[in-house]
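Asker: Dumping the structure here so I can ask a few things about it.
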Amino acid sequence: SGEIFAAARANTLVGIDCAVPGFTPALLTNLWFTLAFDGRTTCEAPFGTFFGCETPGRGAKLQTALLTFDTSDAAEARFENRFPMPFFRSASVRIENRGAQPVRLGGASVRLNGALVYDPAKTGLFSATAYLPKTRNTPDQNARIGRFVGRGLMAYGVISGYDFDNQKYGWGSCEGDVRCFIDDMTVPRIQSDGSESWGSWGWGFAAPPQVHPFSAYHSPNGLVLWSELRLTFADSCPFRRFLRFDLEHGTSNNHPESSSSGQCFGYLLP
């Protein structure tokens, strides 16, 4: 691992970008960012979720309002996260290689904007839920993509599905609903009509990559393996006690050979 940025006074981080020559899909799981603000680690995330896509089986450029995921150039992949990340005492940004093979970076940079001033009593620190690695689904149960505890706002989420066999099980790779529980464990406050509706694509699900300023979807093979992103800071996703973000497994999406992964990002008040 290596620290690419450190600060000991208040400022606002407004961009983290990285170039990776000789990119391979395994690096989306093996390379991780660790962010610490005001003396505590608030975000540990692999490249795949931090930059918004976990399944780059074929090259694509996904350019959203605040995230760029670009594996379209086979010689060098480029990634950028432009979410503002204010801090009031200190900050640290580290990159860690959790794989078995060495990785050479073409470059990594952090950008600041000291003109952005926030009230520390009303400003959440950029944070992430624990990453859910590829995990076998349990029939009739939701997959727990992420959970925030405290007061804050969800900013974006990434969900991915694996090992869907449409010939054997019929349509099902995108039928599980997103279920977002906010401050209440009994009824989801937000529920989508299938995960493809949460990601905005519907019938476009079979024709990746798809992208617009607030969401993106990619798959190397149409339906069997997919990853989707939605920027949610404009949605109704504030919470006062907790936010639990689940992916349903039921009806045609309820078979035991599929798996899910993902992570949620947002801002938590200290």
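The values are calculated or read from the model by the stated rules, or taken from the named source; none is laboratory data. Keep in mind that what you see is a predicted model, and the values were worked out from it rather than measured. Methodologically, a virtual Cβ is constructed for each residue, glycine included, from the backbone with ideal geometry; neighbour enumeration extends over all protein chains shown. Accessible surface is based on the protein model in full, side chains and every heavy atom, while ligands, DNA and RNA are left aside. Shrake-Rupley method; radii C 1.70, N 1.55, O 1.52, S 1.80 Å.
Asker: Give the Rg/Rh ratio for segment 33-88, taking Rg as the radius of gyration of the Cα atoms and Rh as the Kirkwood radius, to two decimals.
Answerer: Values: Rg = 13.1 Å, Rh = 12.5 Å.
Rg/Rh for segment 33-88 comes to 1.05.
Asker: Still on this model: Taking springs between alpha-carbon atoms closer than 10 angstrom, which of THR129, THR232, THR24 fluctuates most in the Gaussian network model of the chain?
Answerer: Comparing THR129, THR232, THR24 in the GNM, the peak value goes to THR24.
Asker: Summing +1 for each Lys or Arg and -1 for each Asp or Glu, what net charge is found among the other residues whose Cβ lies under 10 Å from the Cβ of GLU54?
Answerer: Values: positive: LYS134; negative: GLU228.
Taking every other residue near GLU54 into account, the sum is 0.
Asker: Under a point-charge model restricted to the Cβ atoms of Lys and Arg (+1) and Asp and Glu (-1), what is the dipole moment magnitude of the chain relative to its Cα centre, in debye to the nearest 20?
Answerer: Dipole size: approximately 820 debye.
Asker: Can you give the helix-only mean residue ellipticity at 222 nm for the chain, where every DSSP H stretch with n ≥ 4 adds -39500 (n - 2.57) and the sum goes over all residues, rounded to the nearest 500 deg cm²/dmol? The partial results should precede the final answer.
Answerer: On the way: 4 runs with 16 residues, N = 270.
Per the formula, -1000 deg cm²/dmol.
Asker: So, one more: What accessible area per residue comes out for segment 1-116, rounded to a whole number of Å², with a 1.4 Å probe?
Answerer: Here the residues of segment 1-116 average 42 Å² of exposed surface.
Asker: Give a residue-ordered list of calculated ³J(HN,Hα) values for segment 70-81 (Karplus: 6.51 cos²θ - 1.76 cosθ + 1.60, θ = phi - 60°; whole Hz; x for Gly, Pro).
Answerer: 10, 10, 6, 9, 5, 6, 7, 7, 10, 9, 8, 10
Asker: Tell me the accessible surface of TRP198 in square angstrom (1.4 angstrom probe, heavy atoms of protein chains only), to the nearest ten.
Answerer: 20
Asker: On to the next question. Rounded, prolate or oblate: pick one for segment 67-157, where a ≥ b ≥ c are the square roots of the eigenvalues of its C-alpha gyration tensor, a/c under 1.5 means rounded, and failing that, prolate if a/b is larger than b/c, else oblate. The partial results should precede the final answer.
Answerer: Values: a/c = 2.09, a/b = 1.07, b/c = 1.96.
Oblate is the answer for segment 67-157, as a/c is 1.5 or above yet b/c matches or exceeds a/b.
Asker: Please give me the summed charge of the neighbours of ARG9: other residues whose Cβ is under 13 Å from its Cβ, Lys and Arg +1, Asp and Glu -1. Could the numbers behind the result be given before it?
Answerer: Working: positive: ARG89; negative: ASP38.
Neighbourhood net charge equals 0.
Asker: Also, I was wondering about something else. Which is farthest toward the positive dipole end of the chain among PRO139, SER195, VAL103, measuring Cα position about the Cα centre, with Cβ charges +1 (Lys, Arg) and -1 (Asp, Glu)?
Answerer: Selected residue: VAL103.
Asker: Additional query: Go ahead and set up a Gaussian network model of the chain, Cα springs under 10 Å, then flag whichever of GLN210, GLN101, GLN191 fluctuates most.
Answerer: Top of the fluctuation ranking is GLN101.
Asker: Please give the net charge around PHE83, taking every other residue with its beta carbon less than 13 angstrom from that of PHE83, where Lys and Arg add +1 and Asp and Glu add -1. Each step should come with its number before you reach the end.
Answerer: Numbers: positive: ARG82, ARG111; negative: ASP17, GLU80.
Residues near PHE83 contribute 0 overall.
Asker: Using only alpha carbon pairs under 8 Å that are at least six residues apart, calculate the relative contact order of the chain and give it in whole percent.
Answerer: 26
Asker: Through the Karplus equation 6.51 cos²θ - 1.76 cosθ + 1.60, θ set to phi - 60°, convert the phi angles of segment 143-153 into ³J(HN,Hα) values in whole Hz; use x for Gly and Pro.
Answerer: So the Karplus estimates, Gly and Pro as x, are 8, 7, 6, x, 8, 9, 10, x, 10, x, 8 Hz.
Asker: At a 1.4 Å probe radius, carbon and sulfur cover how many percent of the accessible area of the chain?
Answerer: The nonpolar share, carbon plus sulfur, comes to 51 percent.
Asker: If the elastic network links every pair of Cα atoms under 10 Å, which of LEU112, LEU28, LEU247 fluctuates the most in the Gaussian network model of the chain?
Answerer: It is LEU112.
Asker: What is the Cα convex hull volume of segment 1-114 when expressed per residue in Å³? Could you put the intermediate results ahead of the total?
Answerer: Working: hull volume 10.2 nm³, N = 114.
Roughly 89 Å³ of hull volume per residue.
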